[in-house]
Amino acid sequence: MSKNFIAIKEELDSAGASLIAVSKTKPNEAIMELYQAGQRAFGENRVQELVQKYESLPKDISWHLIGHLQKNKVKYIAGFVDTIQSIDSIELLKIVNKKAQENDRNINVLLQIKIAQEDSKYGFEMAKLVNQLDPKLYKNVKFCGVMGMATFTDDQAQVRSEFERLNKYHSRLKEELFDSYPGFRTISMGMSGDYKIAIEEGSTMVRIGSLLFGTRNNN
Ligand SMILES: *Cc1c(COP(=O)(O)O)cnc(C)c1O
């Protein structure tokens with residue numbers, strides 16, 4: 001496991017992309033192994049599991065929520081979560097902002113945008129996002145960029161074109177909504193199976209689980 005980690009880290013470092021180690025379903029011992037090797041940013045997709053791991057692991061870990069977040073669960077993570085990568089509606093954004101304010105802190109957010117051809121349930125439609133979002137209204141969130149998932153397919157050309165599209169969306173949002181937000185620079189794309197393509201298409205942050213921790217039995 002550590003051997004994989006070191007090789008992947010080197011590859012990402014030279015590409016200028018950061019690594020979120022996706023530890024969902026994996027035990028604390030597995031997380032600690034990467035922690036000892038220097039990794040500090042971990043991703044989880046379930047609130048309850050995230051809270052348990054936050055409570056039992058070192059406090060200098062940066063926790064990223066990467067899965068769909070229900071509005072009534074924001075309160076459980078608002079006090080500690082570093083980044084919510086899966087902001088997929090204006091309603092959710094409002095609540096995250098409110099709970100961050102109640103906790104007297106800022107929460108980093110990524111806007112999850114639909115790029116896959118398959119009918120994925122979550123994520124903004126780009127056109128709607130541009131029309132609906134007014135960044136000024138959210139004082140307690142820091143807009144850090146975008147997140148997306150490509151279609152689950154062997155067709156590399158398709159995956160590549162979806163990542164290329166997310167990169168363009170990021171540029172367009174930067175121009176049209178986040179011109180005065182220098183922190184809006186993250187393009188979170190790429191998982192175990194497609195991160196090399198993602199990097200070639202401009203990813204600045206990859207979310208890798210199974211390549212680091214081994215395959216999961218369930219999600
Ligand atoms: C599980 C998950 C990952 C990591 O997937 P692997 O294929 O195990 O690398 C990345 N992003 C999201 C949103 C996930 O849910």
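Remark: the chain carries a charge dipole of roughly 700 debye about the Cα centre, counting +1 on each Lys and Arg Cβ and -1 on each Asp and Glu Cβ. Bridgeable lysines around LYS168 (alpha carbons under 17 Å apart, same-chain partners fewer than 8 residues away excluded): LYS114, LYS128. Would you list, by chain and number, the lysines whose Cα falls below 28 Å from the Cα of LYS3, excluding same-chain residues fewer than 8 positions away? Filter leaves LYS24, LYS26, LYS53, LYS59, LYS196. Whole Å is fine, so just give me how far the alpha carbon centre of region 54-95 lies from that of region 154-172. Cα centroid to Cα centroid, the span is 26 Å. Remark: the THR151-LYS73 segment gains 25.3 nm on full extension, using 0.36 nm per residue and subtracting the alpha carbon distance. Packing, as the average of other Cβ atoms within 10 Å across residues, places the peptides 192-204, 45-57 in the order 192-204, 45-57, highest first. Both radii are taken from the alpha-carbon atoms of the chain; with Rh as the Kirkwood radius, Rg/Rh is 0.94.
Around the amide H of ILE87, modelled in the peptide plane, lie the amide H atoms of LEU110, GLN112, all under 5 Å away and 5 or more residues distant in sequence or on another chain.
Here, each number is a calculation from the coordinates, and none is a lab measurement. Since we're looking at a predicted model, the values are computed, not measured. Note that each Cβ is placed from the backbone with ideal geometry, even for glycine, and that neighbours are counted across all protein chains shown.
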